[in-house]
Each structure stands twice: as C-alpha cells, then as structure tokens.
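Chemist: I am attaching a structure below and will ask some questions about it afterwards.
The values are calculated or read from the model by the stated rules, or taken from the named source; none is laboratory data. Fair warning: this is a prediction, and the values are worked out from it, not measured in the lab. When we count neighbours, we look across all protein chains shown, and the Cβ atoms used for this are built from the backbone with ideal geometry, even at glycine. Side chains included, ligands, DNA and RNA excluded: accessible areas come from the protein's heavy atoms. Shrake-Rupley method; radii C 1.70, N 1.55, O 1.52, S 1.80 Å.
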Amino acid sequence: MEPIIKIQHLNKEFRQKNTEVHALRDVCLEIQKGDIYGIIGMSGAGKSTLVRCLNFLERPTAGTVVVDGKDLSSLSDKELRNMRKDIGMIFQHFNLLMQRSVLGNVCFPMEIAGVKRSEAKKRALEYLKIVGLEDKVDAYPAQLSGGQKQRVAIARVLASDPKILLCDEATSALDPQTTKSILQLLKEINGKYGITIVVITHEMAVVQEICTHVAIIDQGNLVEHGTVEEIFLSPKSKEAKRLIYKGYENVSEMRGTRCIRIVFSENSAFEPVISNMALAFQAPVNILYANTRNLNGVAKGEMVLQLPEDEKQAEKMVAWLKNARLSVEELENYVG
C-alpha cells in the first residue's frame, strides 16, 4: 500500500549570518494512511522543521515530500494552497482568534473556503460537540482553560475536513491530566474518521500513549524508527535509549558490573519471574528500577536488574529470562 506521506532524502539548511545550519540531514520516512505517527526529539533536534516541510511551510533544500501521491515540490502555489486544505495543523499555543467566540473560531476556515454562514454554523456545532465543547459556543478564548482552547483548535481543524493532522507540540503547554484527555480525543478522532495524525513531541510518554509508530530525530538526523513497541522493547540508537530510559538516572545507586533491562510481555506479567529465577539459581538479584508504562493502551512492565558478578551464572540467568519470553537488554552505560 502506498504511504500517505513519503519523505525521501530530505535536507533543510538555514543561513544564519555567515554560517549554515543543517536542520535536517538525508531524512527518509514513510507514514501509512490511518497511522498515529510520533516524531520525537529534544529541542533543536529538527522535528518542528520536519513537520513544516510536510506541508511546505518550509521548502526543503533537497529531497522530496510526496503527500497523497503528489510531489509537493512539483505543485504551483495555487495547487499547494489547495493541497494544504487536506493537511490540518494544531500548535502548542492554540493560535485562536481572541476577538472571535468559540463558534466564530470554528466557523472561520469554512468562511474563508466560501461555505454559507448557516451551513458553517451547523457544521461548527457538530465539531464542537465532537470535542466536548457544545456548552462553550458563545465563550471567548480568554474565558477558556488551556485544554478547552486546544479542543477549539482541534474542532477548527476538523472543519476543513483534513486527511492529515499535524500536531506540533500540541500538549506541551498543558498539565498531565489535560494532556491525557487531549491525546485520548486525538485517538478517538483517528479511529472515527481515519485521519492520519503526525505528533511532534519531546516527550516519550506522549508517543507511548497514542502512537502506532515513532521516528527519533537527533541533530537533524533520523536515528531510529519503527513501531512504538519495537522501539520500546529494544531501542538501538543512543538517543532512543536516552528517551526510553528517562528516569533511570534518578536512581543514584544504579551501578553494577552486570545490569540488564527486562520488559514483561502480557504472558509473563502475572508470573513471579524474578523470584523464580533467584530460587532456580540460588543467587540474589538486585532490582534497581521497576515501572509500568502505558503503550497505546497496553500496560508494559519494565525492570533494571543487577545480576551476580559471576559471568557464567549471569549468562545463564539472561538465557533463562529470554526463555521466559522476556525482552532482555544489556545496559553497558550502568557499569560502575
């Protein structure tokens, strides 16, 4: 199946005074229709530049962006404007019109598109009901909470009937509980309307909450990509590991000559695997870290263990854990 977004050898350079800044370097990526695709990286990694290249708000220095079968670089300005109607955007700071009511904000893109006022109002009320704000029709942005403002922004985007929704740090300005509710709303919209959603974020928790796939950007480079479960179970790149293992650094005692990270499958989550292993080998195992994460609605348990100093015994324990259907990974950077 042809991807709805296909990026090939994408480069983007900016000139700053007498220097060139390489924001993106040879990025290749495919996003399938109906995916919720996370693009994650720290500040300055290039992820926001990447998302702006997806609708040609930023023109790439080199490479191609094909959206719904159309090479954006081959389109005229008029064709590009028409194409952008299929690509909605929501932002960190909502970008609402402060002088317009909630209803007026949602009607605005339809008015621009030439939709009759009565029809625009009817559709706007439907979209506001979808995002749970039918009781805020006459309110103004200044009277709304951050989460409510973002819901208005989502309703406004839906008014353009997009095929793709680009979310650039859409939950960064929100508290954790509101973030969760907005992510759940995006997931519901994806499921109900089949809209492809691209989520730009610096938070792995956001990706784990709703995304099916993830791409990790570091200093303009695509360092790793795959399903969220694949990356979570076995991150390969240094940046992926840093994002997945975030929080481990708070455990100051986590040092040892043989540390491993294990991830529990649904089958092993209810079994006393660690205690069974300690009994089987008659050797102590130090649990340095334990956590449960929500991976797109599925709970995944993870632990960091310090194994015995004896190499042969440690190897046998690793084999035993793998045989118990656990994902096992060496943590070399936790050697003390």
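Chemist: Expected output is a single nm value to one decimal: the length gained when fully extending between Ala280 and Ala139, i.e. 0.36 nm times separation in residues minus the C-alpha distance. What is it? Intermediate results must be reported in sequence, preceding the final value.
Modeler: Working: separation 141, 0.36 × 141 = 50.76 nm, distance 6.51 nm.
Extra length available between Ala280 and Ala139 comes to 44.2 nm.
Chemist: Mind running the shape call on the stretch 43-123? Use the C-alpha gyration tensor, a ≥ b ≥ c as the square roots of the eigenvalues: rounded below 1.5 for a/c, prolate if a/b tops b/c, oblate otherwise. Numbers along the way, then the final one.
Modeler: Values: a/c = 3.34, a/b = 1.57, b/c = 2.13.
Oblate is the answer for the stretch 43-123, as a/c is 1.5 or above yet b/c matches or exceeds a/b.
Chemist: Using a 1.4 Å probe over the heavy atoms of the protein chains, calculate the carbon and sulfur portion of the accessible area of the chain as a whole percent. Working shown, then result.
Modeler: Details: 8190 of 16710 Å².
Of all accessible area on the chain, carbon and sulfur atoms account for 49 percent.
Chemist: Once you order the gyration tensor axes a ≥ b ≥ c over the Cα atoms, which shape class does the stretch 281-336 get: rounded for a/c under 1.5, otherwise prolate or oblate by comparing a/b with b/c? It would help to have the intermediate numbers written out before the result.
Modeler: Values: a/c = 2.26, a/b = 1.65, b/c = 1.37.
Note, shape of the stretch 281-336 comes out prolate.
Chemist: Okay, next question. So for the chain, what are the equivalent ellipsoid semi-axes in whole Å, largest first, each being the square root of 5 times an eigenvalue of the Cα gyration tensor? The partial results should precede the final answer.
Modeler: Values: eigenvalues 371, 116, 57 Å².
They are 43, 24, 17 Å, listed from largest to smallest.
Chemist: Related question: Given a 10 angstrom Cα cut-off, can you work out which residue in Pro284, Pro162, Pro235 is the most mobile in a GNM of the chain?
Modeler: In this elastic network of the chain, the residue with the biggest mean-square fluctuation among Pro284, Pro162, Pro235 is Pro284.
Chemist: A further question on this structure: Hey, what number do you get for the chain at 222 nm if only DSSP H runs of n ≥ 4 count, each worth -39500 (n - 2.57), divided across all residues, to the nearest 500? Don't skip to the answer; put the middle values down first.
Modeler: Values: 11 runs with 113 residues, N = 336.
Roughly -10000 deg cm²/dmol at 222 nm, from the helical runs in the chain.
Chemist: Ok, one more. Using θ = phi - 60° and the Karplus relation 6.51 cos²θ - 1.76 cosθ + 1.60, list the HN-Hα couplings for the stretch 87-93 in order, rounded to whole Hz, with x at every Gly or Pro.
Modeler: So the J values, rounded to whole Hz, are 10, x, 9, 10, 10, 4, 10.
Chemist: Let me spell out the model: positive unit charges on the Cβ of Lys and Arg, negative unit charges on the Cβ of Asp and Glu, origin at the Cα centre of the chain. What dipole size does that give, in debye rounded to 20?
Modeler: Numbers: 43 positive and 42 negative charges, 234 e Å.
The calculated dipole for the chain is roughly 1120 debye.
Chemist: While we're here: At 0.36 nm per residue, minus the direct Cα-Cα distance, what do Asn18 and Lys116 gain on full extension? Give it in nm, one decimal, please.
Modeler: Details: separation 98, 0.36 × 98 = 35.28 nm, distance 5.08 nm.
Difference between extended and current length: 30.2 nm.
Chemist: On a straight-distance basis, which lysines could pair with Lys70 in a cross-link, Cα separation under 27 angstrom, same-chain partners fewer than 8 positions away excluded?
Modeler: Lys70 reaches Lys6, Lys12, Lys33, Lys47, Lys78, Lys85, Lys163, Lys187, Lys192.
Chemist: Anyone know which of Gln16, Gln148, Gln32 comes out most mobile in the 10 Å Cα GNM of the chain?
Modeler: Of Gln16, Gln148, Gln32, the most mobile in the Gaussian network model is Gln16.
Chemist: Excluding ligands, DNA and RNA, what is the solvent-accessible area per residue of the chain at a probe of 1.4 Å, expressed in Å²? Before the final figure, lay out each step's value.
Modeler: Details: 16710 Å² over 336 residues.
Heavy-atom accessible area per residue stands at 50 Å².
Chemist: Mind telling me which of Phe264, Phe108, Phe14 comes out most flexible in a GNM of the chain, alpha-carbon contacts under 10 Å?
Modeler: Result for the chain, Cα springs under 10 Å: Phe14 fluctuates most.
Chemist: Still on this structure, I have one more. Remind me, relative contact order of the stretch 38-157 in percent, using alpha carbon pairs under 8 angstrom and six or more residues apart? Don't skip to the answer; put the middle values down first.
Modeler: On the way: 98 pairs, mean separation 29.4, N = 120.
Contact order relative to length: 25 percent.
Chemist: Which of the three applies to the stretch 1-136, rounded, prolate or oblate, going by the alpha-carbon gyration tensor with a ≥ b ≥ c and a/c under 1.5 meaning rounded? Mind showing how you got there, number by number?
Modeler: Working: a/c = 2.05, a/b = 1.79, b/c = 1.15.
Note, shape of the stretch 1-136 comes out prolate.
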